[in-house]
1. Looking at 244, 240, which is the one that is within 16 Å of the chain's Cα centre (by Cα) and not aromatic (Phe, Trp, Tyr)?
2. Looking at (1) farther than 25 Å from residue 262 by Cα; (2) under 20 Å from the mean Cα position of the chain (by Cα); (3) among the β-branched types (Val, Ile, Thr), which one does residue 55 not meet, given that it meets all the others?
3. Does at least one position in the range 159-174 carry a residue that is in a helix (DSSP H, G or I) and touching a Cys at 6+ places or on another chain (Cβ under 7 Å)?
4. Name every residue in the range 181-199 that is within 24 Å of the chain's Cα centre (by Cα) and not in a loop (DSSP other than H, G, I, E, B), in order of residue number.
5. Residue by residue through the range 138-158, note down the ones that are over 22 Å from the mean Cα position of the chain (by Cα) and either assigned to a strand (DSSP E or B) or at positive phi (or both).
6. Would you say residue 203 is within 29 Å of residue 317 (Cα to Cα) and either without any contact (Cβ under 8 Å) to a residue 24 or more places away in the chain or touching a His at 6+ places or on another chain (Cβ under 9 Å) (or both)?
7. Which ones in the range 237-270 are out of contact with any Leu (no Cβ under 8 Å at 6 or more places or on another chain) and more than 30 Å from residue 154 (Cβ to Cβ)?
8. From the list 276, 270, which residue is in contact with a Phe, Trp or Tyr (Cβ under 8 Å, 6 or more places away or on another chain) and among the polar types (S, T, N, Q)?
Amino acid sequence: MRANLAAKRAASRARHLLYREIRAYFADAGFDEVETPLLVPAPGMEPHVDCFETTFVPEMGAAGPERTMWLHGSPEFAMKRLLADGYERIFQITKVFRNGEIATHHNPEFTMLEFYRAIGAEDERAGRGYGPILIDLEELGARGAVAIAGSERIRVGGAGIDLTPPWDRLTVEEAFATRAGIELPMDGDAELLLARARERGYDPPPSCTSFDDVFFSIFLTMIEPSLGWSRPVFLVDWPASMAALAKIRSDDHRVAERFELYVAGRELANGYHELNDAAEQRRRLIAEQELRRALGKTVYPLDESFIEAVGRMPPAAGVAVGVDRLLMLLGGWDSIADVLLFPAAEELA
């Protein structure tokens, strides 16, 4: 028990060293720290994320009927409403919730760093939509490594990883070519991707029928584990079918202005040059509602306040960072349970 207490205390202290570095960086960079609700009337619509559901019961003279609400899986919708209302640089460190997620790198309640920058029209036209966000991540990673590991060079699974900026950039198309030997059809042709995978000796499961299914079957098996082992790598320029809340490139409609950050085969962050077209945002959310319905999942209501705000948002870029995973990486912990004082795997045992 004493050794376990010492290990928990070390991880907890490292966590707050990381929080201190994050807040110091953003203070120096002119960001406002914000706090948005955990309990929301309409959560994000990601097809494979299930949110915890509860019921608001009016009491103390409150008017109106009982109402279904959810613990948020991301603060994204609320933070974009703040951008629309005039905030230009914002961040928050917050708890987020995703039902059913318990694994080595997953806990149903975890900590997310989310931040956004409004960008100038000149940078947007020059294709530098999320460029400043990548620089922010590089500096945060390097500063966190020095605070926790004592150096910008860390070790993960016996391998040395250099977090000194700048980090590597790799397009999704290049990743498929160099890691899997597959020419990725960026136009979303599922049959062509499946045929090319089989030519390379990889046969995705029969359940993989859509382009995204085949893509991720290959990606998770043959590509993701190889990413970011000598240096962190930003995986950029995703197929348009995976745009989520990102803009589509104006010079190539097959490509979404989305990126993910990988270190030691782990995804640490997911970000976008943010969509600010309300009509397109509504279309995508409705499509995700239909996909959730087809998958037999709860179909969440549209967040009309968010959709309206998207149409007023300035050009902006943003990213969500898994703080627990970043802490694990910098401190050499193997499991998310090692960096939580009360991990769900133990509490629910």
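The values are calculated or read from the model by the stated rules, or taken from the named source; none is laboratory data. Predicted model, so just to flag it, every value in this text is computed and none were measured. When we count neighbours, we look across all protein chains shown, and the Cβ atoms used for this are built from the backbone with ideal geometry, even at glycine.
1. Result of the check over 244, 240: 244.
2. (2)
3. Within the range 159-174 (the criterion being in a helix (DSSP H, G or I) and touching a Cys at 6+ places or on another chain (Cβ under 7 Å)), the answer is no, since none of the residues qualifies.
4. The answer is none; no residue qualifies.
5. Once the filter is applied, which keeps residues that are over 22 Å from the mean Cα position of the chain (by Cα) and either assigned to a strand (DSSP E or B) or at positive phi (or both), the range 138-158 yields 150, 153, 154, 155, 157, 158.
6. no
7. 240, 241, 248, 249, 250, 251, 252, 253, 254, 255, 256
8. 270
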